[in-house]
Amino acid sequence: MSKIKKPLKIKIISVGNSEVGKSCIIKRYCEKRFVPKYLQTIGIDYGVTKVNLNNRELKVNIFDMSGHVFFHEVRNEFYKDTQGVILVFDVTDRSSFESLDDWINEIKQDLEANKHGSIDNIVFVLCANKIDKGKRVVDEGDARIWALTKGFHYFETSASSAAGVNEMFETLLNEIINAFENGGKPIQTQTSLSKDQIDAIQRLKNSKDNYERLGLKFGCTKEEVNNSFRRLAKLLHPDKNIHPGSTEAFKILISAKTDLLRNFS
Ligand code: GTP
Ligand code: MG
(Lines give C-alpha, C1' and ligand atoms only; values in the text may rest on other atoms or scores of the structure.)
(Ligands and ions follow the chains in the order given, each with its own letter.)
Protein backbone atom coordinates (compact mmCIF):
# COMPACT_ATOMS: atom_id res chain seq x y z
CA MET A 1 0.00 0.00 0.00
CA SER A 2 1.39 3.46 -0.89
CA LYS A 3 2.07 5.89 1.98
CA ILE A 4 -0.18 8.97 2.42
CA LYS A 5 1.98 12.08 2.52
CA LYS A 6 1.53 15.27 4.56
CA PRO A 7 -1.05 17.74 3.11
CA LEU A 8 0.52 20.70 1.35
CA LYS A 9 -0.59 24.32 0.98
CA ILE A 10 0.23 25.77 -2.43
CA LYS A 11 0.02 29.29 -3.84
CA ILE A 12 -0.37 29.84 -7.56
CA ILE A 13 -1.14 32.98 -9.53
CA SER A 14 -2.32 33.72 -13.07
CA VAL A 15 -0.78 36.48 -15.18
CA GLY A 16 -1.04 37.74 -18.74
CA ASN A 17 -2.77 40.54 -20.65
CA SER A 18 -6.43 41.40 -20.11
CA GLU A 19 -8.94 39.11 -21.81
CA VAL A 20 -6.51 36.31 -22.65
CA GLY A 21 -8.66 33.90 -20.62
CA LYS A 22 -6.95 33.58 -17.22
CA SER A 23 -10.16 33.57 -15.18
CA CYS A 24 -11.85 31.19 -17.63
CA ILE A 25 -8.98 28.66 -17.46
CA ILE A 26 -9.20 28.67 -13.65
CA LYS A 27 -13.00 28.38 -13.75
CA ARG A 28 -12.73 25.49 -16.21
CA TYR A 29 -10.40 23.62 -13.85
CA CYS A 30 -12.19 24.39 -10.56
CA GLU A 31 -15.84 24.47 -11.68
CA LYS A 32 -15.72 22.49 -14.97
CA ARG A 33 -17.59 25.19 -16.86
CA PHE A 34 -17.05 28.00 -19.35
CA VAL A 35 -18.57 31.49 -19.38
CA PRO A 36 -18.50 33.11 -22.86
CA LYS A 37 -19.35 36.57 -21.50
CA TYR A 38 -16.32 38.68 -20.48
CA LEU A 39 -16.33 39.48 -16.77
CA GLN A 40 -13.27 41.59 -16.10
CA THR A 41 -11.33 40.69 -12.95
CA ILE A 42 -11.20 43.73 -10.70
CA GLY A 43 -7.75 43.67 -9.06
CA ILE A 44 -7.56 40.05 -7.86
CA ASP A 45 -9.94 37.14 -7.48
CA TYR A 46 -9.06 34.60 -4.84
CA GLY A 47 -10.20 30.99 -4.52
CA VAL A 48 -9.14 27.72 -2.89
CA THR A 49 -9.50 24.26 -4.31
CA LYS A 50 -8.56 20.89 -2.81
CA VAL A 51 -6.76 18.42 -5.04
CA ASN A 52 -5.45 14.91 -4.45
CA LEU A 53 -2.33 14.19 -6.42
CA ASN A 54 0.07 11.26 -6.05
CA ASN A 55 -1.18 10.32 -2.57
CA ARG A 56 -0.91 13.87 -1.36
CA GLU A 57 -3.68 16.27 -0.42
CA LEU A 58 -3.13 19.76 -1.78
CA LYS A 59 -4.86 22.94 -0.68
CA VAL A 60 -4.36 25.09 -3.76
CA ASN A 61 -4.75 28.83 -3.21
CA ILE A 62 -5.32 30.54 -6.53
CA PHE A 63 -4.80 34.27 -6.98
CA ASP A 64 -6.30 35.23 -10.33
CA MET A 65 -4.82 38.59 -11.34
CA SER A 66 -6.33 41.25 -13.52
CA GLY A 67 -4.27 41.79 -16.67
CA HIS A 68 -5.06 45.49 -16.76
CA VAL A 69 -2.10 47.92 -16.37
CA PHE A 70 -4.23 49.92 -13.99
CA PHE A 71 -4.04 47.17 -11.32
CA HIS A 72 -0.26 46.91 -11.06
CA GLU A 73 -0.23 48.22 -7.47
CA VAL A 74 -2.79 45.61 -6.43
CA ARG A 75 -0.92 42.72 -8.12
CA ASN A 76 2.32 43.86 -6.50
CA GLU A 77 0.87 42.98 -3.07
CA PHE A 78 0.36 39.34 -4.05
CA TYR A 79 3.56 38.07 -5.70
CA LYS A 80 5.17 37.15 -2.37
CA ASP A 81 5.37 33.37 -1.64
CA THR A 82 4.15 32.41 -5.10
CA GLN A 83 5.15 28.84 -5.98
CA GLY A 84 3.56 28.57 -9.41
CA VAL A 85 2.65 30.96 -12.23
CA ILE A 86 0.12 30.28 -14.98
CA LEU A 87 1.32 32.62 -17.72
CA VAL A 88 -1.34 33.03 -20.40
CA PHE A 89 -1.51 34.52 -23.88
CA ASP A 90 -4.23 34.40 -26.54
CA VAL A 91 -3.18 32.68 -29.80
CA THR A 92 -5.43 35.09 -31.74
CA ASP A 93 -3.76 38.20 -30.28
CA ARG A 94 -0.07 38.70 -31.09
CA SER A 95 0.41 41.57 -28.63
CA SER A 96 -0.56 39.24 -25.76
CA PHE A 97 2.33 36.93 -26.84
CA GLU A 98 4.72 39.87 -27.19
CA SER A 99 3.86 41.05 -23.65
CA LEU A 100 4.99 37.83 -21.95
CA ASP A 101 8.47 39.16 -21.13
CA ASP A 102 6.90 42.26 -19.52
CA TRP A 103 4.86 40.02 -17.22
CA ILE A 104 7.93 38.09 -16.12
CA ASN A 105 9.75 41.39 -15.52
CA GLU A 106 6.88 42.76 -13.43
CA ILE A 107 7.01 39.71 -11.13
CA LYS A 108 10.83 39.75 -10.97
CA GLN A 109 11.03 43.48 -10.21
CA ASP A 110 8.32 43.35 -7.55
CA LEU A 111 9.92 40.37 -5.81
CA GLU A 112 13.35 42.01 -5.88
CA ALA A 113 12.16 45.48 -4.83
CA ASN A 114 10.34 44.06 -1.81
CA LYS A 115 13.03 41.45 -1.01
CA HIS A 116 10.37 38.77 -1.38
CA GLY A 117 12.62 36.08 -2.82
CA SER A 118 13.79 34.94 -6.22
CA ILE A 119 11.82 34.29 -9.38
CA ASP A 120 14.03 31.22 -9.87
CA ASN A 121 12.10 29.45 -7.10
CA ILE A 122 8.83 29.70 -9.04
CA VAL A 123 7.50 27.07 -11.45
CA PHE A 124 6.08 28.61 -14.65
CA VAL A 125 3.72 27.11 -17.20
CA LEU A 126 2.82 28.90 -20.42
CA CYS A 127 -0.73 28.55 -21.80
CA ALA A 128 -1.33 29.30 -25.47
CA ASN A 129 -5.06 29.83 -24.95
CA LYS A 130 -8.17 30.02 -27.17
CA ILE A 131 -6.96 27.33 -29.58
CA ASP A 132 -10.63 26.58 -30.34
CA LYS A 133 -10.98 29.92 -32.14
CA GLY A 134 -10.16 30.39 -35.82
CA LYS A 135 -7.85 33.23 -36.91
CA ARG A 136 -4.82 32.02 -35.00
CA VAL A 137 -1.91 34.48 -35.39
CA VAL A 138 0.74 33.05 -33.05
CA ASP A 139 2.40 29.94 -34.44
CA GLU A 140 2.71 26.92 -32.10
CA GLY A 141 6.39 26.44 -33.04
CA ASP A 142 7.30 30.05 -32.16
CA ALA A 143 5.46 29.89 -28.83
CA ARG A 144 7.04 26.54 -27.90
CA ILE A 145 10.50 27.88 -28.72
CA TRP A 146 9.87 30.93 -26.51
CA ALA A 147 8.78 28.64 -23.63
CA LEU A 148 11.76 26.34 -24.14
CA THR A 149 14.23 29.22 -24.02
CA LYS A 150 12.82 30.08 -20.59
CA GLY A 151 12.60 26.45 -19.42
CA PHE A 152 8.80 26.76 -18.99
CA HIS A 153 6.30 23.97 -19.62
CA TYR A 154 4.10 24.70 -22.61
CA PHE A 155 0.42 23.88 -23.12
CA GLU A 156 -2.02 24.59 -25.91
CA THR A 157 -5.29 25.26 -24.07
CA SER A 158 -8.91 26.17 -24.53
CA ALA A 159 -11.03 27.18 -21.56
CA SER A 160 -13.99 26.76 -23.89
CA SER A 161 -13.38 23.15 -24.99
CA ALA A 162 -11.27 22.27 -21.89
CA ALA A 163 -8.35 21.13 -24.08
CA GLY A 164 -5.07 21.03 -22.18
CA VAL A 165 -6.43 22.62 -18.99
CA ASN A 166 -6.30 19.61 -16.63
CA GLU A 167 -2.94 18.51 -18.05
CA MET A 168 -1.54 22.01 -17.47
CA PHE A 169 -2.71 22.11 -13.81
CA GLU A 170 -1.48 18.58 -13.17
CA THR A 171 2.00 19.38 -14.49
CA LEU A 172 2.16 22.67 -12.58
CA LEU A 173 1.10 21.08 -9.28
CA ASN A 174 3.42 18.09 -9.74
CA GLU A 175 6.37 20.40 -10.46
CA ILE A 176 5.55 22.45 -7.35
CA ILE A 177 5.47 19.27 -5.23
CA ASN A 178 8.81 18.23 -6.74
CA ALA A 179 10.25 21.67 -5.95
CA PHE A 180 8.92 21.43 -2.36
CA GLU A 181 10.56 18.03 -1.96
CA ASN A 182 13.76 19.52 -3.40
CA GLY A 183 13.96 22.16 -0.63
CA GLY A 184 11.94 24.80 -2.53
CA LYS A 185 14.02 24.83 -5.73
CA PRO A 186 12.22 23.88 -8.96
CA ILE A 187 13.84 20.92 -10.70
CA GLN A 188 14.56 21.68 -14.34
CA THR A 189 12.72 18.87 -16.15
CA GLN A 190 12.30 20.74 -19.43
CA THR A 191 15.13 20.36 -21.89
CA SER A 192 15.72 23.92 -22.95
CA LEU A 193 17.09 24.85 -26.38
CA SER A 194 20.61 26.22 -26.65
CA LYS A 195 21.21 29.62 -28.24
CA ASP A 196 22.80 27.86 -31.25
CA GLN A 197 19.66 25.76 -31.75
CA ILE A 198 17.35 28.78 -31.51
CA ASP A 199 19.50 30.79 -33.96
CA ALA A 200 19.60 27.88 -36.41
CA ILE A 201 15.81 27.32 -36.26
CA GLN A 202 15.07 31.00 -36.72
CA ARG A 203 17.50 31.38 -39.60
CA LEU A 204 16.11 28.31 -41.39
CA LYS A 205 12.54 29.53 -40.98
CA ASN A 206 13.07 33.20 -41.83
CA SER A 207 15.79 33.33 -44.52
CA LYS A 208 15.13 34.40 -48.13
CA ASP A 209 17.25 31.77 -49.89
CA ASN A 210 18.98 28.43 -49.36
CA TYR A 211 22.48 29.93 -49.02
CA GLU A 212 21.31 32.14 -46.17
CA ARG A 213 19.42 29.22 -44.60
CA LEU A 214 22.66 27.22 -44.36
CA GLY A 215 24.71 30.25 -43.31
CA LEU A 216 26.66 30.22 -46.60
CA LYS A 217 27.56 32.71 -49.34
CA PHE A 218 26.63 32.43 -53.02
CA GLY A 219 29.52 30.66 -54.83
CA CYS A 220 30.42 28.37 -51.90
CA THR A 221 31.85 24.88 -52.55
CA LYS A 222 30.04 21.53 -52.39
CA GLU A 223 32.17 20.65 -49.38
CA GLU A 224 31.03 23.81 -47.56
CA VAL A 225 27.38 22.88 -48.23
CA ASN A 226 27.94 19.39 -46.83
CA ASN A 227 29.84 20.66 -43.78
CA SER A 228 27.21 23.23 -42.95
CA PHE A 229 24.46 20.64 -43.39
CA ARG A 230 26.19 18.19 -41.06
CA ARG A 231 26.66 20.83 -38.37
CA LEU A 232 23.03 21.97 -38.51
CA ALA A 233 21.65 18.42 -38.75
CA LYS A 234 23.51 17.56 -35.54
CA LEU A 235 21.94 20.56 -33.79
CA LEU A 236 18.40 19.97 -35.00
CA HIS A 237 17.98 16.24 -35.40
CA PRO A 238 14.39 15.33 -34.39
CA ASP A 239 15.71 12.50 -32.18
CA LYS A 240 17.18 15.19 -29.93
CA ASN A 241 14.52 17.89 -30.33
CA ILE A 242 10.97 16.66 -30.05
CA HIS A 243 9.18 19.96 -30.54
CA PRO A 244 7.53 21.30 -33.73
CA GLY A 245 9.96 24.20 -34.23
CA SER A 246 12.99 21.97 -34.73
CA THR A 247 11.15 19.27 -36.68
CA GLU A 248 9.94 21.87 -39.17
CA ALA A 249 13.42 23.46 -39.31
CA PHE A 250 14.98 20.03 -39.91
CA LYS A 251 12.69 19.49 -42.93
CA ILE A 252 13.61 22.93 -44.32
CA LEU A 253 17.29 22.09 -43.81
CA ILE A 254 17.05 18.84 -45.81
CA SER A 255 15.21 20.53 -48.66
CA ALA A 256 17.70 23.48 -48.72
CA LYS A 257 20.70 21.13 -48.84
CA THR A 258 19.10 18.98 -51.59
CA ASP A 259 18.39 22.08 -53.71
CA LEU A 260 21.90 23.51 -53.24
CA LEU A 261 23.63 20.23 -54.13
CA ARG A 262 21.72 20.20 -57.45
CA ASN A 263 23.96 23.14 -58.48
CA PHE A 264 26.98 20.81 -58.37
CA SER A 265 25.58 17.84 -60.32
P1 GTP B 1 -8.81 40.04 -17.13
O2 GTP B 1 -9.53 39.59 -15.93
O3 GTP B 1 -9.33 41.34 -17.69
O4 GTP B 1 -7.33 40.11 -16.94
O5 GTP B 1 -9.08 38.94 -18.33
P6 GTP B 1 -8.88 37.36 -18.28
O7 GTP B 1 -7.54 37.04 -18.83
O8 GTP B 1 -9.22 36.82 -16.96
O9 GTP B 1 -9.93 36.88 -19.38
P10 GTP B 1 -11.29 36.07 -19.15
O11 GTP B 1 -11.00 34.72 -18.59
O12 GTP B 1 -12.24 36.91 -18.42
O13 GTP B 1 -11.73 35.86 -20.68
C14 GTP B 1 -11.86 36.95 -21.58
C15 GTP B 1 -12.82 36.60 -22.70
O16 GTP B 1 -12.27 35.54 -23.50
C17 GTP B 1 -14.18 36.09 -22.22
O18 GTP B 1 -15.19 36.58 -23.09
C19 GTP B 1 -14.06 34.58 -22.33
O20 GTP B 1 -15.29 33.93 -22.53
C21 GTP B 1 -13.16 34.42 -23.55
N22 GTP B 1 -12.34 33.20 -23.48
C23 GTP B 1 -11.52 32.81 -22.48
N24 GTP B 1 -10.91 31.66 -22.77
C25 GTP B 1 -11.37 31.29 -23.99
C26 GTP B 1 -11.11 30.16 -24.84
O27 GTP B 1 -10.32 29.26 -24.56
N28 GTP B 1 -11.77 30.13 -26.03
C29 GTP B 1 -12.64 31.12 -26.41
N30 GTP B 1 -13.24 30.99 -27.59
N31 GTP B 1 -12.90 32.19 -25.64
C32 GTP B 1 -12.28 32.28 -24.44
MG1 MG C 1 -9.81 37.67 -15.21
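The values are calculated or read from the model by the stated rules, or taken from the named source; none is laboratory data. Values in this document were obtained by computation on a predicted structure and should not be read as measured data. Cβ placement follows ideal geometry from the backbone for every residue including glycine, while neighbour counts extend to all protein chains displayed. Each accessible area value is taken on the protein alone, full model and side chains, heavy atoms only, with ligands, DNA and RNA left out. Shrake-Rupley method; radii C 1.70, N 1.55, O 1.52, S 1.80 Å.
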Open item on the list: Being more than 19 Å from Leu172 (Cβ to Cβ) and either touching a Pro at 6+ places or on another chain (Cβ under 8 Å) or without any contact (Cβ under 8 Å) to a residue 40 or more places away in the chain (or both) narrows it down to one residue among Asp110, Asp120; which is it?
Closed with: Asp110
- [ ] Would you be able to say whether some residue in the stretch 44-51 is touching a residue at least 40 places away in the same chain (Cβ under 8 Å) and either within 16 Å of ligand 1 (Cβ to nearest atom) or out of contact with any helix residue (DSSP H, G or I) (no Cβ under 7 Å at 6 or more places or on another chain) (or both)?
- [x] no
- [ ] Select from the stretch 126-157 the residues that are within 16 Å of ligand 2 (Cβ to nearest atom) and among the small types (Gly, Ala, Ser) and list them in ascending order.
- [x] none
TODO: Collect the residues in the stretch 144-162 that are open to solvent by less than 20 Å² (accessible area, probe 1.4 Å) and either over 13 Å from the mean Cα position of the chain (by Cα) or within 15 Å of ligand 1 (Cβ to nearest atom) (or both), keeping them in residue-number order.
DONE: Thr157, Ser158, Ala159
TODO: Go through the stretch 6-43 and give me each residue that's away from ligand 1 (no atom under 11 Å from the Cβ), touching a Ser or Thr at 6+ places or on another chain (Cβ under 8 Å) and free of Cβ contacts under 8 Å to residues at least 40 places away in the same chain.
DONE: Cys30
Open item on the list: I'd like to check something: does the stretch 130-140 contain any residue that is touching an Asp or Glu at 6+ places or on another chain (Cβ under 9 Å) and surrounded by 21 or more Cβ atoms within 10 Å (Cβ to Cβ)?
Closed with: yes
Open item on the list: Let me spell it out: the conditions are (1) open to solvent by 50 Å² or more (accessible area, probe 1.4 Å); (2) modelled with pLDDT of 90 or more, and Lys195 meets all of them except one. Which number is the exception?
Closed with: (2)
Task: Qualifying positions in the stretch 163-176 - open to solvent by less than 10 Å² (accessible area, probe 1.4 Å) and more than 16 Å from ligand 1 (Cβ to nearest atom) - done: Leu172, Leu173, Ile176
